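Take a look at the structure set out below.
The values are calculated or read from the model by the stated rules, or taken from the named source; none is laboratory data. Bear in mind that the values here come from a model prediction, so they are computed numbers and not experimental data. When we count neighbours, we look across all protein chains shown, and the Cβ atoms used for this are built from the backbone with ideal geometry, even at glycine. Surface accessibility is based on the protein's heavy atoms, side chains included, excluding ligands, DNA and RNA. Shrake-Rupley method; radii C 1.70, N 1.55, O 1.52, S 1.80 Å.
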Amino acid sequence: MGTKRSTSGSTASGGTSSPKSHAGKKRAHNSHHNGDAAADAPSDSNGIKSDVTVTADEKEKKRQNFIVRTIWTVVMIAGFFVLLSAGHVWIMGLVTAIQILTFKEVIALANEPSRPKNLPYGKAINWYFLATTIYFLYGESAIYYFKQVVLVDAYLLPLATHHRFLSYILYIIGFMLFVSSLEKGHYRYQFSQFAITHVTLLLVVVQAQFIMNNIFSGLFWFFLPACLVIINDIFAYLCGITFGRTPLIKISPKKTVEGFVGAWISTIILGIVLSHVLIRWKYMICPVTDFSANAFSGLDCIPNPVFIRQTFKVPSFLVPLMHKTTFEFAPIYFHVMILASFASLIAPFGGFFASGLKRNFKIKDFGDTIPGHGGITDRMDCQFLMGFFSYIYYDSFISSHHLDVGNVLETAIQGLTLIEQLELVSSLHKYLYNQGHISNETFQCLEKFIAH
């Protein structure tokens, strides 16, 4: 390497010190060495300047990215709270948009732009399966939560009664279209698209639908779980850079055990504080009964018992320490601790899964839908798991499961014959008359109507 550098140096000096070569061989020989040093110096100087320029460019790029990221963070937070205040319909629209955009980003991972042009239907089959899935899921939710509206409408009743059969027929049509579109030379690509589409429908669209169901149960069960994931993400970062030392998982090298545990504790504490504020607002804790309601008009309901302070017995072994035998406690705080623990210990694995998927396809982000943040999927990877768990937990341990008008109507319409339905109506009229809730004239009029 030294010989090459000397030769390179003499070649360079030949051009720069040629005027001095007329003074003699000795001076030319000396100028040879001086030229070598002179040739090296500009090279090092240019290298330093180049490094400085690159560093400056990187710093400027990071600064611009930070500014864009901050602006869009403020825009997203403000927009979210505007939609939250506007009412349940707007939040459901937001969830629907997230479903569609996330589906679009994930199925694009394995896309080869030149392929769809040469194949029948192209990407249309993927979107057909999405539309069929949304029709099935939204129909199920509408029938479950609004039986008293759907089951009494002459046009909606047949659709509600045969909803699952119709959904299955629509799916089978899509399956047949896919099979008929298979072409030699493209089998691997087509089946990979089919598999990715169905996995995405399961992990994204179906799970997001349970987030939609959380909204029907009350905005509390939508807003709090989403906030717990965000709180955990923030404190995992803060605790990690503050005292993180031990790597947590290989797929995400920057995650540390200390940050993981610190975020868990912080999420539980802040989750309890946040829930203490939210349970005072009936707009957040009441189930959906009026889609025209918003944060300013509010909702009214009898709160679920978990939001009300209740008296519990102190365990006998703790009585000497607490110096009392009972204590008052709203059960919601215990449930929030469970939800916060899931958001801290389990939901992050949705993010790890997404990281592994991105590494597999050698991409940094799922898309560029949100400037400075990447794609929708990059922000929602943990939220899908959290929303699904929140629904299952609420339905298993919190929902009261009491009879309502919709349940009774469903049983009467789908389980009774016409004669039995009329007998039920007549018996109900007699009960209301005997209790003094309807007048004799009204009762006689109703009975004559039923008799005819």
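Summing Cβ point charges (Lys, Arg +1; Asp, Glu -1) relative to the Cα centre of the chain gives a dipole of roughly 2580 debye. To put it simply, the accessible area of the chain at a 1.4 Å probe is 66 percent carbon and sulfur.
Ranked by the mean number of other Cβ atoms within 10 Å of their residues, highest first, the peptides 265-274, 81-90, 432-441, 152-161 fall in the order 265-274, 81-90, 152-161, 432-441.
With an 8 Å Cα cut-off and a minimum separation of 6 or more residues, compute the relative contact order for the chain in percent. Relative contact order here is 17 percent.
Starting from the exponent 0.38 and prefactor 2.2 Å, build the expected Rg for the chain from its residue count and divide its actual Cα Rg by it. Before the final figure, lay out each step's value.
On the way: Rg = 33.8 Å, N = 452, 2.2 N^0.38 = 22.5 Å.
The value comes to 1.50.
Taking Cβ-Cβ under 4.7 Å as the only way to count a partner, pick out the unpartnered cysteines of the chain. Cysteines of the chain left without a disulfide-compatible partner: Cys227, Cys239, Cys382, Cys445. Remark: spin-label model distance Val74-Asp368 equals 2.4 nm, labels positioned 7 Å along the Cα→Cβ axis. Within the assembled protein chains, the solvent-accessible surface assigned to Arg309 is about 150 Å², based on a 1.4 Å probe.
Oblate is the label for region 167-242. Its Cα gyration tensor axes, ordered a ≥ b ≥ c, give a/c of at least 1.5 and b/c at or above a/b. Report the net charge of residues surrounding Leu409, where surrounding means a beta-carbon distance below 15 angstrom and charges are Lys +1, Arg +1, Asp -1, Glu -1. For residues surrounding Leu409, the net value is -3. Residues whose amide H comes within less than 5 Å of that of Leu248, counting only those at least five positions distant or on another chain, are Lys255, Thr256, Val257 (H built at 1.01 Å from N in the peptide plane). Between the residues Pro331, Gly87, Phe260, the greatest Cα displacement towards the positive end of the dipole of the chain, with unit charges on the Cβ of Lys, Arg, Asp and Glu, is found for Phe260. Which listed residue (Leu299, Cys286, Ala354) has the Cα farthest towards the positive end of the charge dipole for the chain, taking +1 on Lys and Arg C-beta and -1 on Asp and Glu C-beta about the Cα centre? So the residue furthest toward the plus end is Ala354.
For the chain, with every protein chain kept in place, what is the accessible area per residue (1.4 Å probe, Å²)? Provide the component values of the computation, followed by the final result.
Values: 27500 Å² over 452 residues.
Spelled out: the 1.4 Å probe surface of the chain, per residue, equals 61 Å².
Taking region 205-223 and a reference point 7 angstrom along Cα→Cβ of Leu357, the backbone N atoms nearer than 11 Å belong to 205.
Each Cα pair under 8 Å and six or more residues apart adds its separation to the average, and for region 321-452 the resulting relative contact order is 14 percent. Here, region 263-313 is characterised by an Rg to Rh ratio of 1.08, where Rg is the alpha-carbon radius of gyration and Rh the Kirkwood radius.
With each run of n ≥ 4 DSSP H residues scored as -39500 (n - 2.57), what mean residue ellipticity at 222 nm is computed for the chain after dividing by its residue count and rounding to the nearest 500 deg cm²/dmol? Walk me through the numbers before you get to the answer.
Numbers: 20 runs with 315 residues, N = 452.
Result for the chain, helices only: -23000 deg cm²/dmol.
Ranked highest first by average number of other Cβ atoms within 10 Å, how do 222-229, 167-174 line up? Numbers along the way, then the final one.
Numbers: 222-229: 23.6, 167-174: 14.8.
Put in order of decreasing packing, that is 222-229, 167-174.
Extension gain, Ala56 to Ile234, is 61.2 nm, computed as 0.36 nm per intervening residue step minus the present C-alpha separation. Length gained on full extension, Ser292 to Ile419: 42.0 nm, using 0.36 nm per residue less the C-alpha separation. Placing dummy labels 7 Å off each Cα toward the beta-carbon, the span from Val261 to Arg63 is 4.0 nm.
With a simple spin-label model that places each label point 7 Å from the Cα along the Cα-to-Cβ direction, the separation between Arg309 and Ser399 comes to 3.0 nm. What is region 316-452 by shape, rounded, prolate or oblate, if you read a ≥ b ≥ c off the alpha carbon gyration tensor as root eigenvalues and call it rounded for a/c under 1.5, prolate for a/b larger than b/c, and oblate otherwise? Judged from the Cα gyration tensor, region 316-452 comes out oblate (a/c at least 1.5, b/c at or above a/b). Note: region 104-184, Cα convex hull, 101 Å³ per residue.
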